[in-house]
Amino acid sequence: MEIATIDYVFIFSFFAITLSIGILVSRKSKQSTSEYFLSGRNMPWWLLGVSMVATTFSTDTPNLVTDIVRTNGVSGNWVWWAFLLTGMVTVFIYAKLWRKSKVTTDLEFYELRYGGKPAKFLRNFRAIYLGLFFNVLAMAGVTLAAIKIGEVMLGLTPLQTVGIASVITVIFSAIGGFKGVVYTDFLLFFVAMIGAIGAAVVSVNHPDVNGLGNLLSHPDVADKLSILPDFSNKELLISVFIIPLAVQWWSAWYPGAEPGGGGYIAQRMLASKNANHAIGATFFFNLLHYALRPWPWILVALASIIVFPDLASIQEAFPNISQDKLGHDLAYPAMLTFLPHGLLGIVLTSLIAAYMSTISTHLNWGASYIVNDFYKQSVDKNASEKTLVRVGKLATVVLMVLSALLALSFTNALEIFEFILMFGAGSGLIFILRWFWWRINAWSEISAMVASGIFSLLFKFKGDLFFGAEAWFPEYMKFPMVVLLTSIVWILVTYATKAEDDKVLLDFYKKIRPFNTGWKQFLKTQNTIDDLEPDQTPSNFTASLLSVFVGCILIFSGLFATGNWIYGKTTLAIGLTALSIVCVFIIIRLWKEVRQTI
């Protein structure tokens, strides 16, 4: 595809601006790990919220949505829409708890909540397990999308794309630290949104599509438009709707949607000015992430069904595509090749922006684990702040190299998404309960982590023995079965092992003061139940739960209202819009009650 001068102007101007931001903030970022990884804990809610959504606005996300829509229709997106429930619980219940913990990373929480050698092991192991293994896996998925975009839109080989993308991003991430990431995220979000909307407009008006009306009435598209799955298709209904809403959202660990908050979401909550800003940031993120962003990608995906009805048509249009990279997710970058010059430059810039935003966040977050939770704890406890920052920069480079190499071996975004979900299945309930139930200990988490890994690998490589038409269980039962077996293991281990020391539990409760229903038994043994009242009264905790419910209705109704406005279903769209507005007023009233708990 030919790139015009105007397109290069957009691209190189963007590079110049982002690198300049990184250089400008680099001097302060060098001062300490607190500055390098949390920007001094002084970030406002709106900046952190935009940063969260920019991070999840990665190059692999539109490819993933396209793969889902082409395979299972619009309703297939429930596999990630269901994570809104996790997000709202984080907003109104866990955000203030994380901010009050005052840890540097969410892994430091382990030695706050647990004690002794098991807590130290858990913190060290999770630093490598998440910061290295899972983090590299997630970044490889993003880099895979960049490879496909490079092949389709620019004619680059996978190695060329990986080389260019890695060098630019790792330089920016290493010199700017967390502050550089957050500041540039603000710019990247708006560039990415402009690009996504522009791509949707051009795709809908492609000559083969010929406008929104023809798109929605096309026979190959009409049966994929429903926001709810076909209730007569039992297997699809269970796999993309019932399991995500009933099991997946609370049971699976997934970057950006961890039950109880965690990862780079926790990093941004910990970097906020106070608990109010932590709540505001996470709410703003969920609003933008679910209600605003999906529809431009969905429209491109639907248009691609007409222009490229199958994989053979994509292969025919782009014969130089590597056979091992051919998948339905390629349809998104394939549709972008029809963009006019100027807009093409903006969209390419937006894709570069999305890539850099996501990768730079993952690099900084992963490096924070390796430095703060592994190197500082197990390698050099007396390391100076300057040394720790240097180690952070080295870790940034290593993570980028490993993820780039891994990306070269993957085929499509959906398989990575499903693998990460499966591998983290079953441990999510612990992340939700550990704040509110004193009996959970370090061995609970260790056993859940080991069990979910074993069961996931067993079912992935030997799944045909247990799942399928001729086996014991249908295919869609893989995920629930991992959750069930993992939960049985960690619950048995919890009761078979000793509770944490009284001093560890009491110190944690004094610092966090969670709602005490799950702590009453322990507090009675300490004769302090009347002296250590929680910050959250029953009425305030009820207000928080009600806020979770209303917040979900608000965002889902906004998401579906947008879809129905696009579909031309005016009456339903008006009703959903009105429901969203009512929910806004309810949230404002509830906020006064929730805010009193901070």
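The figures follow:
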item	result
Set of lysines near Lys234 by C-alpha distance (under 17 Å), chain-local residues within fewer than 8 positions excluded	Lys224, Lys478
Full-stretch length increase - Val401, Ile581 - with 0.36 nm per residue and alpha-carbon distance subtracted	60.1 nm
Highest-first arrangement of 60-69, 569-578, where packing means the average Cβ count within 10 Å	60-69, 569-578
Met43 long-range amide H proximity, modeled H, under 5 Å	Ser272, Lys273
Two-site FRET efficiency, Asn42 against Asp220, from Cβ-Cβ distance with R₀ of 56 Å, rounded to 0.05	0.60
Sparsely packed trypsin sites (Lys or Arg not before Pro) within the range 337-397, loop by DSSP, other Cβ within 10 Å at most 11	Lys381
Residue order, fewest to most beta carbons within 10 Å, for His341, His277	His341, His277
Ala471/Leu228 FRET efficiency (R0 25 Å; Cβ-Cβ; nearest 0.05)	0.30
Relative contact order [Cα under 8 Å, 6+ residues apart], the chain, whole percent	26 percent
Relative frequency of Cα-Cα separations exceeding 17 Å in the range 344-402, percent	46 percent
Contour minus Cα-Cα distance for Leu545 and Thr517 (0.36 nm per residue)	8.6 nm
Residue-averaged [θ]222 nm for the chain, counting only DSSP H segments that reach four residues, each worth -39500 (n - 2.57)	-21000 deg cm²/dmol
Values of log10 I(q)/I(0), in the order q = 0.08, 0.09 Å⁻¹, for the chain under a Debye, Cα-only, solvent-free model	-0.54, -0.70
Under DSSP loop assignment and at most 11 Cβ neighbours within 10 Å, longest GluC sites (Glu not before Pro)-free interval of the chain	3-469
Viscosity 0.692 mPa s, temperature 37 °C, Stokes-Einstein D of the range 138-250 from Kirkwood C-alpha radius, µm²/s	179 µm²/s
R0 of 45 Å, Cβ-Cβ distance Ala317-Lys462: FRET efficiency to nearest 0.05	0.75
Space enclosed by the convex hull of the alpha-carbon atoms of the range 424-497, per residue, Å³	77 Å³
Distance violations [Cα-Cα > 25 Å] among Lys96/Lys386; Lys524/Lys592; Lys148/Lys393; Lys386/Lys511; Lys100/Lys179	Lys96/Lys386; Lys524/Lys592; Lys148/Lys393; Lys386/Lys511
Gyration tensor (alpha-carbon) shape descriptor, the range 361-504, a/c threshold 1.5	oblate
Shape call, the range 215-306: gyration tensor on alpha carbons, a/c limit 1.5	oblate
Ranking of Trp295, Trp78 by count of other Cβ atoms within 10 Å, fewest first	Trp295, Trp78
Of the trypsin sites (Lys or Arg not before Pro) in the range 79-165, those whose Cβ has at most 11 other Cβ within 10 Å and which sit in DSSP loop	Lys102
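Throughout, read-outs are computed from the coordinates displayed, never taken from laboratory work. Just so it is clear, the structure is predicted and the values come from calculations on it, not from any experiment. Every residue, glycine among them, receives a Cβ derived from its backbone with ideal geometry; neighbour counts consider all protein chains shown.
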